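Q: Before we start, here is the structure in question, set down as structure tokens.
Values in this text are rule-based calculations from the coordinates and carry no lab data. Note that the coordinates shown come from a computational prediction; the quantities given were computed from them, not determined experimentally. Here Cβ is always computed from backbone atoms with ideal geometry, including for glycine, and neighbour counts include all displayed protein chains.
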Amino acid sequence: MPRDYSPYLENLRVEVKDRILTLQLYNPDKLNANTAAMHNAMSRIWDDIDDDPEVDLIIITGAGDRAFSAGGDPAHMQRMVAEPELWRQTSREARRMIRRILGCDKPVIARINGHAIGLGASIALCADITVIVEDARFGDPHVAIGLVAGDGGALLWPQLVGWPLAKELLLTGELLTGKQAAEIGVINHAVPRDQLDDKVMEIAQKILKNAPIAVRLTKNAMNLALRQIALPTMELSLSNELISAFTADHLEATSAMLEKRDPAFKGE
């Protein structure tokens, strides 16, 4: 019997075809920015995907041509400042989301069809193989909005590019082009937009030609070290992000985004 993904579809779209599940982040009016429904669904859907007998590979992407995911929605972040329990819930979901994507034994390809910022970048970096359009913007500018890079950035970037470069990128909040991201090795491939689908499917078909159990167990073994450090790193980074969420600087940043101006940070 086909797996029922209907509980997750408020801000996600799911299609299963030829052993491939395509998971689409769906909030096109806001560049696929995170919503409460999307965040909750992304923290829960991976167990069903992992158990789906019709799926041997996952492609995760965003709706439309502009963005994979622009990260957080400023209005929602401002609401969370006013309602602390929402932040605590979001932290719990973020922890589950990152750990469950990393724990999924089936290979995951990120089809990064546009800008991937903050949490959007973290979701992409949880994938096993990443393909981005070369002119997309990619990075984790949490510090630019008064937050700790707690929802995966502090865990994932050092493992992929090394400590010195990860520190520079996370502490400056600098955004890269897709081409630059591939050049430093944080992304596997950067391609022109009209070659994105061909490249993703080329890689997917190469994987699907192999023995599925061997592929899954190989991924499981390679991700062991990352899963082991995920728990303590995420616990600290998310705790620190929660602290930073209730600073005056973060509130100033969310107000500035909504008012379309530069923030004026005071270290408070």
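Q: Quick one: His39, His76, His142, fewest Cβ neighbours within 10 Å first, how do they rank?
A: Ascending Cβ contact count within 10 Å gives the list His76, His39, His142.
Q: In addition: Expressed in nm to one decimal, what extension gain is obtained for the pair Phe246 and Lys179 from 0.36 nm per residue of sequence separation less their Cα-Cα distance?
A: 20.6 nm
Q: Which peptide among 210-219, 90-99, 187-196 comes first, and what is the full order, when sorted by highest mean count of other Cβ atoms within 10 Å?
A: Answer by packing, highest mean first, reads 90-99, 187-196, 210-219.
Q: Can you tell me the dipole magnitude for the range 154-205 around its Cα centre, using point charges on the Cβ only (Lys, Arg +1; Asp, Glu -1), in Debye to the nearest 20?
A: 160 debye
Q: While we're on this one: List the lysines whose Cα lies under 25 Å from the Cα of Lys167, skipping any in the same chain that are fewer than 8 positions away.
A: Filter leaves Lys179, Lys266.
Q: Still on this structure: About the Cα centre, and with charges only on the beta carbon of Lys, Arg (+1) and Asp, Glu (-1), how big is the dipole of the range 216-263? Nearest 20 debye, please.
A: 500 debye
Q: Would you mind checking which residues have amide H under 5 Å from Ala67's amide H? H placed 1.01 Å from N; only 5 or more apart, or other chain.
A: His115
Q: Treat the count of other C-beta atoms within 10 Å as a stand-in for reagent exposure and order Trp87, Trp157 from fewest to most.
A: Trp87, Trp157
Q: In nm, to one decimal, how far is the Ala211 label point from the Gln89 one, both placed 7 Å along Cα→Cβ?
A: About 4.6 nm, to one decimal.
Q: Could you give P(r) for the range 132-205, binned at 10 Å from zero, as whole percent values over all Cα-Cα pairs?
A: 20, 45, 26, 8, 0
Q: Okay, moving on. Which label marks the calculated value of percent of Cα pairs over 24 Å apart, given the options (i) 50; (ii) 46; (iii) 57?
A: (ii)
Q: A further question on this structure: With a ≥ b ≥ c the root eigenvalues of the C-alpha gyration tensor of the range 76-235, is it rounded (a/c under 1.5), prolate (a/b larger than b/c) or oblate?
A: oblate
Q: With each pseudo-label sitting 7 Å past Cα toward Cβ, what's the Leu224-Ala264 distance in nm, one decimal?
A: Result: 5.5 nm between the two label points.
Q: A further question follows. Could you tally the net charge around Asp140, taking each other residue with its Cβ under 14 Å from the Cβ of Asp140, Lys/Arg +1 and Asp/Glu -1?
A: Local charge sum for Asp140: -2.
Q: Can you list the residues, at least 5 places off or on another chain, whose amide H is less than 5 Å from the amide H of Asp140, using H built in the peptide plane?
A: It is Gly118, by chain and number.
Q: Among Met38, Met222, Gly64, whose Cα lies farthest out toward the positive end of the dipole of the chain, if unit charges sit on the beta carbon of Lys, Arg (+1) and Asp, Glu (-1)?
A: Met222
Q: Here's a follow-up. By DSSP, what percent of the beta bridges with both residues in the chain are antiparallel, rounded to the nearest 5?
A: Restricted to the chain, the bridges split so that about 30 percent are antiparallel.
Q: For the Cα atoms of the chain, what angle does the longest principal axis make with the long axis of helix 212-222, in degrees from 0 to 90, nearest 10?
A: Helix 212-222 sits at roughly 40 degrees to that axis.
Q: Using the Karplus curve 6.51 cos²θ - 1.76 cosθ + 1.60 with θ = phi - 60°, work out ³J(HN,Hα) for each residue of the range 46-57 in order, rounded to whole Hz, and write x for Gly and Pro.
A: Values per residue, Gly and Pro as x: 5, 5, 5, 4, 4, 8, 6, x, 8, 10, 10, 7 Hz.
Q: Which ordering of Leu156, Leu224 is given by a fewest-first count of other beta-carbon atoms within 10 Å?
A: Leu224, Leu156
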